[in-house]
Amino acid sequence: MSHFSKRKYVVGIIILTIFIAIFIKLFYIQIFDKSLKQSSDNNSQRHVVVYPGRGLIYDRNSVLLVCNEAAYDLMLVPRNMYEFDTLSLCSDINISIEDFYAKFENCKKYSIYRPSIFHKQINSTQYAVLQEHLYKYPGFFVQARTLRKYNEGVAAHILGDIGEIDLETLENDGYYSGGDYIGKSGVEKYYENVLRGSKGVQIFLVDVSSNIQGPYYEGKYDKAAIPGKDIYLTIDIELQRYGELLMKNKTGSIVAIQPKTGEILALVSSPSYDPQLLVGRERGKNYDSLLNSPTRPLINRAVSSTYPPGSIFKIANALVALQDGLIKTNSYFPCDVSKIGCHGHPPANGIARAIQYSCNPYFYFVFRNIIQRGIEKSIFKDSRIGIDLWKDKIMTLGFNHSFDIGLPSVNKGLIPSAEYYDKWYGKHRWAFSTIYSLSIGQGEVLVSPLQMANFCAIIANRGFYYYPHILKKIEDEDYIGENTQKTFTPFDKEYFEEVVKGMDYAVNDDFGTGGYARLTDIRVCGKTGTAQNKGKDHSVFIAFAPKDDPQIAIAVYVENAGFGGTWAAPISRLMIEKYIRGYVNDIYLEKRIIETEILN
């Protein structure tokens with residue numbers, strides 16, 4: 001074989017090898033490597049997210065509280081945009097030319113190939129104008145979504161709001177994409193997974209100018225959105241509205257619970273705001289205004305704030321002392337003002353009368369018996385044992401507990417322990433004489449208005465409660481969970497009957513401190529509290545009614561309002577009457593409460 005022939009074969013083998021390599025590469029690209037196909041698809045297809053309708057929110061009587069209304073986001077694929085009349089687009093969506101270029105740069109930073117939001121939350125009126133001209137704006141298209149509409153203008157702290165997803169949540173939850181909306185507070189946040197539904201997608205064929213030519217494969221690969229589920233709350237929106245009206249120009253809260261179920265009937269935090277302020281493009285500006293307001297309206301004082309409970313805590317101490325055999329129902333203690341200050345009243349010849357008169361020295365001695373039980377000779381060791389035994393019992397009444405009611409940011413409060421005081425004063429360096437202010441609900445004990453209302457529900461039920469909750473049902477399914485479980489306290493019913501007797505006296509007998517809560521044909525049982533404060537004292541009242549068939553238990557806390565019987569008690573009375581009767585008789589009292597301004 002000649003040298004030339006050998007070279008011919010070598011060249012042939014090289015060419016064949018090259019063709020085989022090219023074939024293998026093409027085979028790999030077409031069969032295994034999807035990147036070019038995806039790139040091609042991205043140029044010929046548009047994947048449009050279909051946002052589901054968010055679940056609706058109703059009150060206990062099926063009144064629609066939150067619904068959806070149409071809104072539209074103007075999307076842009078920067079790569080597909082070429083010269084057009086930018087002033088026309090600016091006019092259609094009411095932005096300046098400077099805004100146009102700023103938004104364009106933001107879209108380019110995100111991606112020149114992928115669509116992103118150019119201008120969000122266009123209302124129906126603007127959309128109608130834009131839709132007629134959209135064909136003139138290459139690279140732009142509209143994506144439909146919904147915004148929330150809060151129909152009643154009240155219950156902002158319960159309902160909450162939705163807003164654009166933050167970066168941290170976006171990174172940790174694969175469901176969401178940039179620009180998606182998510183519950184930010186209230187039940188909108190707590191029940192986000194129930195309300196949000198499931199997103200769908202529509203795939204369209206587009207031309208080189210990004211104009212839609214029709215559905216891809218006649219919609220074969222589209223995915224339908226699944227709407228969120230509707231939820232029904234336990235609140236009575238009319239009672240809620242009335243409570244917010246009574247608390248107008250006041251700082252504090254009202255919590256009303258149905259004792260037989262644990263359902264929250266009203267949860268008022270004041271000052272409040274119209275939840276519709278946190279919807280739409282003005283949300284950011286309005287949120288900043290509310291956040292920086294000196295009245296701090298964004299705080300849900302009903303569940304997130306804690307306070308000294310004042311004299312309503314005397315009832316809890318009485319129950320502990322009775323159950324542990326440290327006093328009897330007819331125990332007598334003198335009203336010795338040298339121990340602790342008090343107001344003039346007849347002698348308290350037992351627990352019921354002591355509750356009626358709210359006698360401070362009486363409960364000073366009750367608490368002394370609780371803390372100094374004589375278990376140890378050393379008063380310091382004895383007090384350490386006594387306070388921990390006390391705390392164990394107090395916690396069974398729902399204190400020092402963060403109730404999972406269906407809202408975020410529920411505060412657990414504080415019931416101090418021996419360890420707590422050891423850190424403050426040193427071990428064996430404190431005793432009853434150091435902490436006696438706990439006897440009247442002052443000192444280090446802190447409770448929320450929610451816990452006060454639940455405590456009142458326990459008394460109304462004579463010793464048990466259902467976990468307070470705000471969700472009644474999801475669509476047509478009754479709510480089932482720990483909130484439906486009856487929780488018993490370790491106190492005998494007879495001691496609750498004695499406490500109820502005292503609360504009855506406090507409202508309905510002479511010298512009772514809660515006379516402003518009295519109703520002629522509805523037997524109200526209540527207890528006043530005046531919680532000491534650096535400024536003016538806080539006004540506190542708990543009550544339930546009717547006495548023998550409780551339908552409502554309520555706690556009212558008015559900051560800087562003074563004596564509990566003056567403001568918190570009449571507010572409780574009006575709320576109870578409104579709920580049970582549906583109206584109030586004393587319009588002059590109602591007018592006085594509504595028109596009075598008590599702010600920090």
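Each reported figure results from applying straightforward, stated rules to the coordinates on display, with no laboratory input. Predicted model, so just to flag it, every value in this text is computed and none were measured. All Cβ positions, even for glycine, are placed from backbone atoms using ideal geometry, and neighbour counts span all protein chains on display.
A few comments on the model shown:
- Over 24 Å [Cα-Cα, segment 425-522], rounded percent: 48
- DSSP bridge orientation in segment 46-233 - percent antiparallel, rounded to nearest 5: 95
- For segment 549-592, the set of chymotrypsin sites (Phe, Trp or Tyr not before Pro) satisfying both a DSSP loop assignment and a count of at most 10 other C-beta atoms within 10 Å is given as 583.
- For segment 44-111, diffusion coefficient by Stokes-Einstein and Kirkwood Rh (Cα), 4 °C, 1.567 mPa s, µm²/s: 83
- Unit charges on C-beta of K, R, D, E only; dipole of segment 46-233, Debye: 420
- Under the combined filter of DSSP loop state and at most 10 neighbouring Cβ atoms within 10 Å, segment 355-410 retains these trypsin sites (Lys or Arg not before Pro): 377.
- Once the C-beta distance of residue 293 and residue 409 is scaled by a Förster radius of 22 Å, the resulting FRET efficiency is 0.75 to the nearest 0.05.
- Toward the positive end of the charge dipole of the chain, with +1 on the Cβ of Lys and Arg and -1 on the Cβ of Asp and Glu, the farthest Cα among 567, 513, 206 is that of 206.
- Ordering 90, 335, 456 by the number of other Cβ atoms within 10 Å of each residue's own Cβ, fewest first, gives 90, 335, 456.
- Loop-located trypsin sites (Lys or Arg not before Pro) across segment 527-600 with a Cβ neighbour count of 16 or fewer within 10 Å are 534, 536, with loop assigned by DSSP.
- Between helix 568-581 and the chain: long-axis angle, C-alpha atoms, 0 to 90°, nearest 10: 70
- Against the main long axis of the alpha-carbon atoms of the chain, helix 493-508 sits at an angle near 80°.
- Lys/Arg +1, Asp/Glu -1 at C-beta; the chain dipole; positive extreme among 599, 156, 380: 380
- Relative to the Cα centre, the charge distribution of segment 38-105, modelled as +1 at Lys and Arg Cβ and -1 at Asp and Glu Cβ, gives a dipole magnitude of about 400 debye.
- Projected label points at residue 171 and residue 193, each 7 Å from Cα along the beta carbon direction, are separated by 2.2 nanometres.
- Inverse of mean 1/r across different Cα pairs in the chain, Kirkwood, Å: 28.2
- Gyration tensor verdict on segment 534-600 (Cα atoms; rounded if a/c is under 1.5, prolate if a/b is larger than b/c, oblate otherwise): oblate
- Segment 257-391 - convex hull of the alpha-carbon atoms, volume per residue in Å³: 196
- For segment 446-581, size of Cβ-based charge dipole, Lys and Arg +1, Asp and Glu -1, in debye: 400
- Per-residue [θ]222 nm for the chain (sum of -39500 (n - 2.57) over DSSP H runs n ≥ 4, rounded to 500): -11000 deg cm²/dmol
- Remark: spin-label model distance residue 274-residue 595 equals 2.5 nm, labels positioned 7 Å along the Cα→Cβ axis.
- The stretch between residue 343 and residue 420, if pulled fully straight at 0.36 nm per residue, gains 24.5 nm over its current Cα-Cα span.
- Set against the 2.2 N^0.38 Å expectation for a compact globular protein, segment 46-233 has a Cα radius of gyration ratio of 1.12.
- Stokes-Einstein diffusion of segment 322-397 at 4 °C, 1.567 mPa s viscosity, Kirkwood radius from Cα pairs, rounded to a whole number: 97 µm²/s.
- Annotation for residue 114 and residue 87: the two label points, set 7 Å from Cα along the Cα-Cβ direction, are 3.6 nm apart.
- With only the Cα atoms considered, segment 153-248 has a convex hull volume of 169 Å³ per residue.
- Computed from the Cβ-Cβ distance with R0 of 60 Å, the FRET efficiency linking residue 433 to residue 105 stands at 0.30.
- Calculated FRET efficiency for the pair residue 217/residue 566, C-beta based, R₀ 51 Å, to 0.05: 0.10
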